[in-house]
Amino acid sequence: MNPTVAASPTPTPAPRRAVFPFTAVIGQEEMKLALLLNVIDPKVGGVMIMGDRGTGKSTTIRALADLLPEIDIVADDPFNRAPEDADLLAERGVTELPLAKKKVPMVDLPLGATEDRVCGTIDIEKALSEGVKAFEPGLLAKANRGILYVDEVNLLDDHLVDVLLDSAASGWNTVEREGISIRHPAQFVLVGSGNPEEGELRPQLLDRFGMHAEIRTVKDPELRVQIVEQRSEFDRNPQEFLNTYQAQQTELQHRLVSAQERLGGVALDHDYRVKISQICAELDVDGLRGDIVTNRAAKALAAYEGRTEVTVDDIRRVITLCLRHRLRKDPLESIDSGHKVEKVFCQVFELADPDAAAAANGRQPMGVR
């Protein structure tokens, strides 16, 4: 006689944690722009955010992930793959896959994570005894089609940073053990943050981040009070605060989706491409990553602004973010504030010298603090 098994009640989903809205973040425009451009075109290559403690780095990154619209995924897939994924359709021998919706994944990588935790592990015993590739997915699998955030990335083991950057660049994660190999998609926006007082990444690793944003503590007392009051309002009644910003959140979400759709049709004039490469050459930037990322970021900005042609101003707004961290040759050097990039940009595009313009207006030249 078979025992009767009582049907377990359907679990009630846990209430979703309120996340501070992206559109309510005050200041830090450089960081916000870099994050938005990477969402519009993930091939920009991620962003490294360096700045003082307590400046809202983690809050802003989580707010961006929460802002993004839900994505279509295969219902039972551990890698968040899209239902139209041709490889998965062929692998399962079907023409249609079960559909589910999910928030864009936001994965935090803890500092103490091991390579197995990040990349996943293969159960060798099961593989040998049962003849199947038993794979336990890691954080890279969870981050596919989402955002992988590494706080204090400058304190992470260099080898692990290398693994993350390789996966971010190729869009794939490969795990090999005892002659068994597993490969799965790992397409994500890599966001690293850190405090420069605790050390910088080696130049070779830093160069592989598409963009580098610097953020500083707000000095204006009025603005500081506004930030404190805003945070207090959110903590007191999160839902009411979210309702206040809902229209702005929805508008920005639609703007990002439209920019992603428009991106493929954005044109960058050949003369502008030549000048971007000329700037990279004059700044002695190693390799071609700087050229490629600046081209991509300028196009993403034009798409975000609702245009199909890149302007000189688009290039100006992104070029410092794309090049400042590629100028450092010596690990002991500090990263350029952007003054050198801006100066060469103005020379190549035959615009007014920023130092001369600052002096004429009675301000300190750029780069002088």
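The values are calculated or read from the model by the stated rules, or taken from the named source; none is laboratory data. This structure is a prediction, so every number in the text was calculated from the model and none was measured. Note that we place each Cβ from the backbone using ideal geometry, even for glycine, and neighbour counts take in every protein chain shown.
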**Q.** the stretch 199-214 - residue that is touching a helix residue (DSSP H, G or I) at 6+ places or on another chain (Cβ under 6 Å) and free of Cβ contacts under 8 Å to residues at least 60 places away in the same chain and, of those, surrounded by the fewest Cβ atoms within 10 Å (Cβ to Cβ)
**A.** G199
Q) Which of the residues that make up the stretch 32-43 are in contact with a Lys or Arg (Cβ under 8 Å, 6 or more places away or on another chain), assigned to a helix (DSSP H, G or I) and at pLDDT 95 or above? A) L33
Q. G93 passes all but one of (1) under 22 Å from the mean Cα position of the chain (by Cα); (2) on the phi > 0 side of the Ramachandran plot; which number fails?
A. (1)
Q: Would you point out which residue out of L201, L205 is within 27 Å of V104 (Cα to Cα) and either of a type outside the set (G, A, S) or outside the structural domain of R326 (by TED's automatic domain parsing) (or both)?
A: L205
Q) Which condition breaks for S193 when tested against (1) loosely packed, with under 14 Cβ neighbours inside 10 Å; (2) within 17 Å of G56 (Cβ to Cβ)? A) (1)
(Q) So if I check each of D76, D66, which one is assigned by TED's automatic domain parsing to the domain that holds A186, assigned to a helix (DSSP H, G or I) and more than 23 Å from A169 (Cα to Cα)? (A) D66
Q.
So if I check each of T121, T114, T174, which one is over 26 Å from D76 (Cβ atoms), polar (S, T, N, Q) and over 21 Å from the mean Cα position of the chain (by Cα)?
A. T114
Q: Go through the stretch 215-232 residue by residue and tally those that are surrounded by fewer than 20 Cβ atoms within 10 Å (Cβ to Cβ) and within 17 Å of the chain's Cα centre (by Cα).
A: 0
Q. Looking at this structure, is R81 of a type in the set (K, R), farther than 20 Å from V189 by Cβ and touching a residue at least 60 places away in the same chain (Cβ under 8 Å)?
A. no
Q: Go through (1) without any contact (Cβ under 8 Å) to a residue 60 or more places away in the chain; (2) closer than 16 Å to K43 by Cα and name the single condition R307 misses.
A: (2)
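What do you reckon, is I319 among the aliphatic types (A, V, I, L, M) and within 22 Å of the chain's Cα centre (by Cα)?
For I319, the condition - among the aliphatic types (A, V, I, L, M) and within 22 Å of the chain's Cα centre (by Cα) - is met.
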(Q) Under 6 Å between Cβ atoms, which residue pairs at least 6 apart in sequence (or on different chains) link something in the stretch 146-175 that is touching a residue at least 12 places away in the same chain (Cβ under 8 Å) and in the same structural domain as R202 (by TED's automatic domain parsing) with a partner that is among the polar types (S, T, N, Q) and surrounded by fewer than 22 Cβ atoms within 10 Å (Cβ to Cβ)? (A) G171/Q187
**Q.** Some residue of the stretch 85-92 being crowded, with 16+ Cβ neighbours inside 10 Å, among the small types (G, A, S) and either closer than 30 Å to L323 by Cβ or not assigned by TED's automatic domain parsing to the domain that holds T217 (or both)
**A.** no
Q. Would a scan of the stretch 42-57 turn up a residue that is assigned by TED's automatic domain parsing to the domain that holds V150, on the phi > 0 side of the Ramachandran plot and surrounded by fewer than 19 Cβ atoms within 10 Å (Cβ to Cβ)?
A. yes
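For the stretch 178-282, which strands (runs of 3 or more DSSP E) that fit wholly inside it have 3 or more residues that are closer than 30 Å to F345 by Cβ and at pLDDT 95 or above?
The strands (runs of 3 or more DSSP E) meeting that bar number zero.
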Q) If we keep just the residues of the stretch 242-273 that are among the aliphatic types (A, V, I, L, M) and within 13 Å of E305 (Cα to Cα), which is surrounded by the fewest Cβ atoms within 10 Å (Cβ to Cβ)? A) V257
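Filter the stretch 278-301 down to the residues that are more than 24 Å from the chain's Cα centre (by Cα) and more than 16 Å from L206 (Cβ to Cβ) and list them by number.
Q278, I279, A281, E282
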